[in-house]
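Visitor: Have a look at this one before I ask anything.
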Amino acid sequence: MKTTIITTMLMGLCMATSGQQVDNSTITSFDLDRYLGKWYEIARYDHTFERNLVGTTAQYSLRDDGKIKVVNSGHLKTLDGPYQESIGKAKARKNGTPGQLEVSFFGPFYGDYNILELGPDYSYSVVGSSSPKYLWILSRTPQLAPEVSTRIIQNLKRRGYDTSKLLWVEQK
């Protein structure tokens, strides 16, 4: 009984401090080979590890050990600004759920990479995590068609995401 009360209080505290509640359910089928390659960052929530970057891309390729090599890159402040690159790795989550990966840029520490939405032709992807603080819209091309962007934004609003917080990334 005492454990149940403490657990309930802790869960309530976590929910109260996390603020916004979102539907972060992931896609139900996923083909990694089709997902590999270059993705342009169309929009994202602001966070320190990408702050002031434009022309940002993510490149995914298969490593010899079966994990995924992740190369995130961009330019500081302008498309002609200094180039920055961060190399990491990703792997499928142990639970085997499609569209749920784990990504690491810092040694053994992994973060969630949840594919919330994926174009049927793998032309765009919406990525979040178990926290509502992280959100990216990715595309195979530097720009998305307006009707695709509109549909993605509507879907994110239905999921409970605050789309007014999205930063639209300048691309070449």
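Visitor: Regarding Leu144, is this residue over 13 Å from the mean Cα position of the chain (by Cα) and either in a strand (DSSP E or B) or of a type in the set (Gly, Ala, Ser) (or both)? Spell out how you get there, then give the answer.
Guide: Details: over 13 Å from the mean Cα position of the chain (by Cα): yes; either in a strand (DSSP E or B) or of a type in the set (Gly, Ala, Ser) (or both): no.
It is false that Leu144 is over 13 Å from the mean Cα position of the chain (by Cα) and either in a strand (DSSP E or B) or of a type in the set (Gly, Ala, Ser) (or both).
Visitor: Follow-up question, since we're still on this one. In segment 84-120, which residue that is over 11 Å from the mean Cα position of the chain (by Cα) and among the aromatic types (Phe, Trp, Tyr) is surrounded by the most Cβ atoms within 10 Å (Cβ to Cβ)?
Guide: Tyr110
Visitor: Just checking, how many residues over segment 1-28 are exposed (fewer than 10 other Cβ atoms within 10 Å of the Cβ), part of a loop (DSSP other than H, G, I, E, B) and either at pLDDT 95 or above or among the β-branched types (Val, Ile, Thr) (or both)?
Guide: Of the residues in segment 1-28, 1 are exposed (fewer than 10 other Cβ atoms within 10 Å of the Cβ), part of a loop (DSSP other than H, G, I, E, B) and either at pLDDT 95 or above or among the β-branched types (Val, Ile, Thr) (or both).
Visitor: Between a first residue in segment 109-124 that is free of Cβ contacts under 8 Å to residues at least 60 places away in the same chain and over 19 Å from Ser25 (Cβ atoms) and a second residue that is assigned to a strand (DSSP E or B) and polar (S, T, N, Q), which pairs have beta carbons less than 8 Å apart while being 6 or more apart in sequence or on different chains?
Guide: Qualifying pairs under 8 Å: Tyr110/Ser104; Ser123/Ser139.
Visitor: Can you tell which of Leu101, Leu79, Leu135, Leu144 is modelled with pLDDT of 95 or more, under 16 Å from Tyr35 (Cα atoms) and not β-branched (Val, Ile, Thr)? If you could, list the steps in order and put the result at the bottom.
Guide: Details: Leu79 fails: under 16 Å from Tyr35 (Cα atoms); Leu135 fails: under 16 Å from Tyr35 (Cα atoms); Leu144 fails: under 16 Å from Tyr35 (Cα atoms).
Result of the check over Leu101, Leu79, Leu135, Leu144: Leu101.
Visitor: Still on this structure, I have one more. Can you name every residue in segment 137-157 that is surrounded by fewer than 19 Cβ atoms within 10 Å (Cβ to Cβ) and without any contact (Cβ under 8 Å) to a residue 40 or more places away in the chain?
Guide: Ala145, Pro146, Glu147, Val148, Thr150, Arg151, Ile153, Gln154, Asn155, Lys157
Visitor: Next question. Among the residues of segment 121-136, which ones are within 8 Å of the chain's Cα centre (by Cα) and buried (at least 22 other Cβ atoms within 10 Å of the Cβ)? Give the steps one after another, and end with the answer.
Guide: Looking only at segment 121-136, we keep the residues that are within 8 Å of the chain's Cα centre (by Cα), and these are 126-129, 134-136.
Result: Val126, Val127, Gly128, Leu135, Trp136.
Visitor: Across segment 30-48, what is the total count of residues that are part of a loop (DSSP other than H, G, I, E, B) and either at pLDDT below 95 or surrounded by 11 or more Cβ atoms within 10 Å (Cβ to Cβ) (or both)?
Guide: Looking only at segment 30-48, we keep the residues that are part of a loop (DSSP other than H, G, I, E, B), and these are 30-31, 36, 46-47.
Applying the additional criterion that residues be either at pLDDT below 95 or surrounded by 11 or more Cβ atoms within 10 Å (Cβ to Cβ) (or both) yields 30, 36, 46-47.
Going through segment 30-48 one residue at a time, the tally reaches 4.
Visitor: If Arg51 meets every condition in (1) at pLDDT 95 or above; (2) closer than 27 Å to Gln21 by Cβ; (3) surrounded by 15 or more Cβ atoms within 10 Å (Cβ to Cβ) apart from one, which number is that one?
Guide: (3)
Visitor: Separate question: Would segment 73-92 turn up any residue that is part of a loop (DSSP other than H, G, I, E, B) and in contact with a Leu (Cβ under 6 Å, 6 or more places away or on another chain)?
Guide: Filtering segment 73-92 for residues part of a loop (DSSP other than H, G, I, E, B) gives 77-82.
Right, trim to in contact with a Leu (Cβ under 6 Å, 6 or more places away or on another chain) and you get 82.
The answer is yes; a qualifying residue exists.
The values are calculated or read from the model by the stated rules, or taken from the named source; none is laboratory data. This structure is a prediction, so every number in the text was calculated from the model and none was measured. Methodologically, a virtual Cβ is constructed for each residue, glycine included, from the backbone with ideal geometry; neighbour enumeration extends over all protein chains shown.
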